[in-house]
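One structure is given below, encoded as structure tokens.
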Amino acid sequence: MGILLCGCSVLKSLSTGYPIWYYNPSIPKNQVSFLGQGTAESRRQAELLAYADMSENLASYLGFELDRTLYRELLTSGTIESYGIRIQNSNSTQLDDGNYRVIVLAVTEKEMLDSLRSREAVDLGDRVELIGSLIAQGDEAIRQNRDIEGLKYYLRSMALSYGIESRSLNRDYRFDAILDEVLYVLESLNLTVTSEDSGGVSCVVGARRRVGFASSAVVGCPVKASYTAVDGRNSRYADSYIFLTGNEGTFEFYPVNPSILISGTVVFSFDLETEVAAVGRASPQAEARINEVLAGKTARFEYHRQYAMGTIAVTVLDYGNLGIFEDSRSSSEYLTARFVDDGAPAYSMSCDDPGDEAILDLTGSAHPDVGVVFVARTGVIETIASSTGVCAASMEGRGVLYRILDGEMLFDSGIIYATGFGADEAEAVKEGRMRIADLFYSLLKAVYV
């Protein structure tokens, strides 16, 4: 099914009884044509209605009503000399019910007629021309199996065509006609998920068009992958990323955002949100119909992430204002809990010797299942008490991730900073250490896999 008129004019003519030139006027590019149609009990009455209809189409193009003397000239001589208009074709048919149907086709030089148009009519003409151009681009995209790209063009043309009088538009450019085509194309499209790797959070997503028993790949298809992630403050949020299908109509999904939940669902959908929203500003009803079809075209991927590095041991070493080592169990347990809450296997470690080698040795002997060790140090730069009763603590920290097997450094955070607030110094320092731990966690999510 295509929007633009094509070689099916003969078939349409045979099936409807309308003349071929009704569907395809076949006029030169430097000319413009206007159709008129009327049905009545007598041939003369039908003819008058057809001329009146054609005159209204001409007036719509010009942007002003025709003078009655010009209308009479058209009726009597079949021309409007001052506009260069002449009747090129006419057709009269008696229908099965006894009524008569008359169709007339008038043509004139486009340049001459355009010089008479009102500013409003010119603007409308530009808009109509753009609608036709967008539809033509959509047709071409779909012929190249780029269906979603084609739909984007159609939807843009829909938004432009809303509210334009039907007589000012080719019937295939009207809002409802384009909507029908959009829904038709959408119904033929499907998304599939194959080659699922739940632990590795990857799969292959395919987009195909199916018409009858045949199907074909949709190339360059933008597909939105939507999922839930968690930020540095342990708050969940909705995230998404756009993937494009290749020449085979597929792409491999992988979690672009390392903060994706440990277990969850990825929903794949055709990315038409912006274009559909533009249609919705013109017609909420049309938007709802399109979204209803789109909702039935999604695909889902359930996953449960597995960490290839194995269990992680976490040791946080806290230092006070004077650089004195303090009891750090609460900081270690807090950061460990961030991993556990996200489903990762993790241990909180404490060690009397704050050296990295000693921590690695102790961890390896105490927990043989540990694959990596994260050693972090935090310190207080300064604390400031304000006149409002709020105390602020400026903190700094650095964390290093080691592989337990050979002690190789896998990640170094560098120096990071955070600020904590509280009613007193102890409360501000405690919050500052939690904020440092949150930053460590966010950074580690990108490398601990």
Total charge dipole magnitude, the chain, about the Cα centre, Cβ charges on Lys, Arg, Asp, Glu only, Debye to nearest 20: 1960 debye
May I have the convex hull volume per residue, in Å³, for the Cα set of segment 73-187? 163 Å³
Rounded FRET efficiency, nearest 0.05, which uses the C-beta distance separating Phe325 from Glu396 and R0 of 25 Å: 0.95
Given 4 °C, 1.567 mPa s and a Kirkwood radius over Cα pairs, the Stokes-Einstein diffusion coefficient of the chain in µm²/s is 46 µm²/s
Length-normalised contact order of the chain, Cα under 8 Å, at least 6 apart, in percent, tallies to 9 percent
Can you give the alpha-carbon Rg of segment 1-116 over 2.2 N^0.38 Å, where N counts its residues? 1.11
Taking 0.36 nm per residue of separation between Glu81 and Asn291 and subtracting their Cα-Cα distance, the length gained on full extension comes to 70.5 nm
R0 = 35 Å: FRET efficiency of Tyr241 with Ser386, Cβ-based, nearest 0.05? 0.25
Convert 25 °C to kelvin, take the viscosity as 0.890 mPa s, use the Kirkwood radius over C-alpha pairs of segment 167-233 as Rh, and evaluate the Stokes-Einstein diffusion coefficient in µm²/s, rounded to a whole number. 158 µm²/s
Cα-derived Rg over Rh, computed across segment 311-445 with Rh taken as Kirkwood radius: 1.00
For segment 311-445, what's the relative contact order in percent, using C-alpha pairs closer than 8 Å and at least 6 residues apart? 22 percent
Here the alpha-carbon Rg of segment 236-315 over 2.2 N^0.38 Å rounds to 1.50
Under a cut-off of 12 Å between alpha-carbon atoms, report the aspartates and glutamates in cross-link reach of Lys29, not counting same-chain residues fewer than 8 places apart. Glu109, Glu111
Residue-span extension gain [Tyr254 to Asp369] - 0.36 nm each, minus C-alpha spacing: 38.7 nm
Extending each Cα 7 Å along its Cβ direction at Gln88 and Ala282, get the distance between those two points in nm, one decimal. 2.8 nm
What FRET efficiency would be calculated for the residue pair Phe213, Asp172, taking the C-beta separation as r and a Förster radius of 30 Å, to the nearest 0.05? 0.60
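Summing -39500 (n - 2.57) over the DSSP H runs of n ≥ 4 in the chain and dividing by its residue number, what mean residue ellipticity at 222 nm do you reach, to the nearest 500 deg cm²/dmol?
Theoretical 222 nm ellipticity from helices: -12000 deg cm²/dmol.
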Using a Gaussian network for the chain with springs between C-alpha atoms less than 10 Å apart, which of these wobbles most: Val279, Val182, Val32? Val32
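Read-outs throughout are calculated quantities, based only on the coordinates presented, and are distinct from any laboratory measurement. Keep in mind that this is a model prediction, so the values were computed, not measured. Methodologically, a virtual Cβ is constructed for each residue, glycine included, from the backbone with ideal geometry; neighbour enumeration extends over all protein chains shown.
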